[in-house]
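A short worksheet on the structure shown next.
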Amino acid sequence: MRNSITVARVVRTIDGLRTRGDDHVPRAAGTTSSGGAPRIRPSGGRRPRVVVVGAGFAGLGVLRHLEARLPADAADLVLVSPTDHLLYTSLLPQVCAGSVEPRHVAVPVRGLLRRTVLRLGHAVDVDTTSGSVSVVDRDGSTSELGWDRLVLAPGSLTRVPDIPGLAEHGLGLKNLAEAVYLRDHVLRQLEHADACVDTAERRARCTFLVAGAGYTGTELAAQMRRFTLEALDRFPRLTPEDLRWILLDQAPRILPELDETLGDGAMKVLRERGVEVRLETSVSAVTATSVTLSDNETVPTHTLVWCAGVTPNPLMEKVGTETVKGRLVVDENLSVPGLSGMFALGDAAAVPDVTRNGAPAGQTAQHAVRQGAAAGRNVAASLGHGKALPYRHRDLGFVVDLGGTDAVANPLGLHLSGAPAAFITRAYHLLALGSGGNRAHVAADWLLASTSSEQIVQLGFLPSPNATIAEAEDTHVYSA
Ligand SMILES: Cc1cc2nc3c(=O)[nH]c(=O)nc-3n(C[C@H](O)[C@H](O)[C@H](O)COP(=O)(O)OP(=O)(O)OC[C@H]3O[C@@H](n4cnc5c(N)ncnc54)[C@H](O)[C@@H]3O)c2cc1C
């Protein structure tokens with residue numbers, strides 16, 4: 001918890017909003033953070049300000065609920081986010097594989113929200129004493145933003161354990177820049193291999209390792225193997241025997257976080273497609289040209305994609321209340337115990353899942369979306385509109401898209417594979433995208449991908465030195 005503003009930072013007025021000091025309004029005494037509170041109107045007659053941190057599934061869910069349910073004069077709504085869009089992460093493997101265009105998985109905030117003010121930047125600190133949050137702009141300057149209600153939903157970052165060489169050479173898949181870079185990188189390896197006369201070097205360039213066989217790593221390995229096999233048409237000197245995709249995980253099975261039948265179904269597809277799956281295996285060292293595994297085998301390769309887990313956004317540790325593995329502890333109503341007016345949800349919060357004896361809910365979009373609606377309702381209740389209710393969620397199943405007509409899914413407990421699962425999976429994504437424009441574009445992308453040949457081009461937006469996980473995910477902003 002921060003108690004004073006670092007003087008070295010430039011503190012400036014936020015466009016259209018007053019800064020901390022002249023605008024901070026103490027939270028109304030005697031009000032609770034949720035449920036049954038009298039209508040709040042801060043002293044001075046101005047409207048209370050609700051600040052939501054994070055434009056993901058959770059944060060936007062809160063704001064959509066508040067815009068729909070709160071009277072326009074009940075509160076000022078402010079969103080703090082480094083991007084002007086919600087990233088539909090579930091389709092990132094398809095962005096790498098080229099079946100969906102990058103912009104089409106970015107759902108514009110301005111299309112979803114009407115009266116919320118978007119404050120572009122990273123929230124990097126929270127002052128719970130005076131009620132303000134520090135926001136760092138792209139240009140590096142810091143502003144303070146006062147809040148009467150604060151909703152923290154900044155999601156998670158790729159977890160990078162202390163494995164020699166991983167931070168320098170591992171590639172992440174958490175945002176659009178990383179997805180586009182990864183596709184470019186794979187194509188670059190194929191170009192190098194195609195021009196290469198040395199057999200060992202050609203094989204190393206054509207070997208791709210994916211660490212972490214959760215839904216991200218499994219979808220990525222399956223879809224990229226398919227994509228690179230198809231791309232060989234354009235690389236006349238390469239053969240399918242040159243190509244190796246290796247998926248590894250410490251766990252004894254793939255998709256360890258999901259129902260076993262999904263893992264078995266996905267494993268069958270991976271094997272048929274020629275992905276090598278190495279279980280109970282981890283990475284012990286990485287260099288620019290090799291990856292050493294826990295069984296001491298060294299695999300010559302220029303590519304390690306690190307999909308082995310996420311870590312909650314570092315902002316959560318700045319609040320100063322209890323965390324579980326970095327996730328901020330909240331109660332069933334998604335409010336932070338002991339801090340009136342503060343809520344947290346999504347990947348960054350430890351939300352008790354009442355269907356699993358109060359264990360922290362999974363870090364999935366499904367939970368984040370539903371928590372968004374629940375938190376929106378409870379923030380409104382804390383402002384005197386409606387009644388707070390605890391978060392309850394019944395698992396609706398999961399979908400795993402393996403590319404082409406291959407998928408596994410268990411909607412409402414029904415076990416599906418092959419074309420029916422692929423149909424359900426894509427219908428689910430279209431429904432969940434939440435914007436008509438994005439739905440139309442993604443559907444058109446799928447149609448084109450299934451009827452025309454792949455465009456083999458590198459976009460080159462992100463230079464290689466900026467492709468480390470730390471650079472691509474802006475982790476430096478939290479250490480200032
Ligand atoms: C490649 C991939 C595939 C996935 N596939 C699936 C799937 O198929 N099904 C599923 O259920 N889940 C999937 N997930 C997990 C799912 O994306 C997350 O569980 C979900 O996004 C969590 O929602 P959230 O709102 O908490 O975080 P996010 O959706 O990550 O949103 C966090 C938001 O906060 C913003 N932000 C970050 N830092 C700051 C800051 N300091 N200040 C302000 N804003 C900040 C981010 O820009 C982002 O807008 C996948 C994840 C990945 C990476």
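Each reported figure results from applying straightforward, stated rules to the coordinates on display, with no laboratory input. Because the structure is predicted, anything quoted here is derived from the model rather than measured. Cβ atoms come from the backbone with ideal geometry, glycine included; neighbour counts cover every protein chain shown.
Cross-link partners for LYS174 among the lysines, with Cα-Cα distance under 28 Å and sequence neighbours closer than 8 places in the same chain left out: LYS268, LYS318, LYS325.
The calculated 222 nm mean residue ellipticity attributable to helices in the chain amounts to -8500 deg cm²/dmol, summing -39500 (n - 2.57) over DSSP H runs of n ≥ 4 and dividing by all residues.
The shape of the range 68-146 comes out oblate: with a ≥ b ≥ c from the C-alpha gyration tensor, a/c is at least 1.5 while a/b does not beat b/c. Normalising the average separation of contacting C-alpha pairs (under 8 angstrom, six or more residues apart) by the number of residues puts the relative contact order of the range 321-480 at 11 percent. Potential lengthening of the chain between LEU431 and SER294 amounts to 45.2 nm, from the contour at 0.36 nm per residue minus the alpha-carbon distance. Dipole orientation for the chain: of the candidates LEU416, LEU334, PRO82, LEU334 has the Cα lying most toward the positive pole (charges on Cβ; Lys, Arg +1; Asp, Glu -1). Which of the three applies to the range 197-278, rounded, prolate or oblate, going by the alpha-carbon gyration tensor with a ≥ b ≥ c and a/c under 1.5 meaning rounded? Prolate is the answer for the range 197-278, as a/c is 1.5 or above and a/b outweighs b/c. Descending by average beta-carbon neighbour count within 10 Å, the peptides 266-278, 107-119, 372-384 line up as 372-384, 266-278, 107-119, the highest first.
Kirkwood hydrodynamic radius of the range 357-480, from the reciprocal of the average inverse Cα-Cα distance over all distinct pairs: 18.6 Å. Placing +1 on the Cβ of every Lys and Arg and -1 on the Cβ of every Asp and Glu, with nothing else charged, gives the chain a dipole about its Cα centre of roughly 1840 debye. Between the C-alpha center of the range 402-478 and that of the range 185-226 there is a gap of 19 Å.
In this simple spin-label approximation, THR287 and HIS476 carry label points 7 Å from Cα along the Cα→Cβ vector, and these lie 2.8 nm apart.
Across the range 410-451, counting alpha-carbon atoms alone, Rg and Dmax equal 11.6, 33 Å. All Cα-Cα distances of the range 198-339, cut into 10 Å bins from zero to the largest, leave 11, 32, 27, 17, 9, 3, 0 percent in each bin in turn.
The local environment of ARG377, defined by Cβ-Cβ distances under 15 Å, has a net charge of +3 under the rule Lys, Arg +1 and Asp, Glu -1.
Quick check on the chain: take the gyration tensor over C-alpha atoms, sort the square-rooted eigenvalues as a ≥ b ≥ c, and tell me if it's rounded (a/c under 1.5), prolate or oblate. It comes out prolate by the Cα gyration axes. Summing +1 for each Lys or Arg and -1 for each Asp or Glu among the other residues whose beta-carbon sits under 12 angstrom from that of ARG226 gives -4. For the range 136-273, the pair-distance distribution built from all alpha carbon pairs, in bins 10 Å wide starting at 0, is 9, 31, 30, 16, 9, 3, 0 percent. Within the chain, DSSP assigns beta bridges of which about 50% are antiparallel (rounded to the nearest 5). Projecting label points 7 angstrom from Cα along Cα→Cβ for LYS387 and SER453 puts them 6.4 nm apart. Distant-in-sequence amide contacts of GLY121, defined by a placed amide H-H separation under 5 Å and a gap of 5 or more residues or a different chain, comprise SER81, THR83. The dipole here belongs to the range 229-315: it is taken about the Cα centre, uses +1 on the Cβ of Lys and Arg and -1 on the Cβ of Asp and Glu, and is about 260 debye. Counted residue by residue at 0.36 nm each, then reduced by the alpha carbon distance between them, the extension gain from ARG110 to ARG234 reaches 40.6 nm. By DSSP, the beta bridges lying fully in the range 219-351 are antiparallel in about 60 percent of cases. Against the empirical 2.2 N^0.38 Å (N residues), the range 172-233 has a Cα radius of gyration ratio of 1.17. Residue by residue, the range 76-81 carries 3J(HN,Hα) couplings of 8, 10, 10, 10, 9, 7 Hz when phi is fed to the Karplus relation 6.51 cos²θ - 1.76 cosθ + 1.60 (θ = phi - 60°); x denotes Gly or Pro.
Computed about its Cα centre, the charge dipole of the range 289-380 is approximately 300 debye, with only Lys, Arg, Asp and Glu carrying charge at their Cβ. Efficiency by 1/(1 + (r/R0)^6): what FRET value for GLU276 and ASP331, r their Cβ-Cβ distance, R0 = 51 Å, to the nearest 0.05? Step by step, r from the Cβ atoms, then E = 0.65. By the Cα gyration tensor, the range 419-480 has an equivalent ellipsoid whose semi-axes, rounded to whole angstrom, run 32, 19, 11 from largest to smallest. Here the Karplus curve 6.51 cos²θ - 1.76 cosθ + 1.60, taken at θ = phi - 60°, turns the phi angles of the range 93-103 into couplings of x, 6, 5, 4, 7, x, 8, 9, 6, x, 5 Hz, with x standing for Gly and Pro. If you take all other residues with their beta carbon under 13 Å from the beta carbon of VAL180, and give Lys and Arg +1 and Asp and Glu -1, the sum is +1.
Think of the chain as a dipole: +1 on every Lys or Arg Cβ, -1 on every Asp or Glu Cβ, centred on the Cα centre; then among THR321, PRO102, THR128, THR128 lies furthest on the positive end. Sequence-distant contacts, meaning Cα pairs under 8 Å at least 6 residues apart, place the relative contact order of the chain at 21 percent.
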